[in-house]
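One structure is given below, encoded as structure tokens.
A short reminder: the numbers here are calculations on the coordinates, not readings from a lab. Given the structure is predicted, the values throughout are model-derived calculations rather than measurements. Heads up, the Cβs are rebuilt from the backbone with ideal geometry, glycines too, and the neighbour counts pull from every protein chain shown.
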């Protein structure tokens with residue numbers, strides 16, 4: 001999807017993504033971005049007429065990457081418990097390496113009341129996509145006797161999503177990457193145990 005971007009636009013998108021992870025939508029301006037990319041603000045406007053357009057594009061690309069990654073996990077692994085563990089392991093690795101230590105949509109969700117609607121739509125879309133994927137994993141796992149859900153697959157998916165994103169927040173707040181796994185792994189184990 002980034003193939004349709006020019007090299008400079010792709011660089012702008014990459015730096016925007018880093019800025020979003022570190023502080024969200026309201027934490028940076030085109031001036032900050034221009035300094036990082038070593039171009040003028042006018043040049044950024046040439047590629048992305050407004051910050052809202054730029055961030056919408058970044059989140060749209062992020063959503064596509066996530067959808068592809070989740071679908072690929074199902075195809076490669078095809079075992080609901082292993083898929084849930086692989087999803088958690090992906091984030092544990094990102095947090096440990098510091099490369100992508102926080103979901104940009106989780107960061108932007110905290111700003112929903114103040115971000116442009118076109119960005120908010122993409123953020124909500126990400127959570128709908130993720131929730132649907134998690135619900136499908138949990139539903140398949142429950143049908144196979146791997147998971148014992150306390151409620152519907154959709155509600156269990158939302159609860160697990162909250163655990164994952166909450167664990168990201170704790171890992172960031174405590175500056176303790178290991179805390180992510182210590183929070184998420186028991187949640188996965190709990191899903192596998194009869195009530």
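Okay, here's what the table says:
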quantity	calculated
Two-site label geometry, residue 52 and residue 112: point separation in nm, points 7 Å out along Cα→Cβ	1.8
Computed over segment 55-192, Kirkwood Rh from alpha-carbon pairs, angstrom	15.4
Share of alpha-carbon pairs per 5 Å distance bin for segment 33-86, given as whole %	5, 17, 16, 14, 11, 9, 8, 9, 8, 2
The chain - mean residue ellipticity at 222 nm from DSSP helices (-39,500 (n - 2.57) per run, n ≥ 4, rounded to 500)	-25000 deg cm²/dmol
Principal-axis tilt of helix 51-77 within the chain, Cα atoms, nearest 10 degrees	30
Cα centroid separation, segment 1-46 to segment 138-195 (Å)	34
Helix 117-143 vs. the chain, principal-axis angle (Cα, 0 to 90°, nearest 10)	20
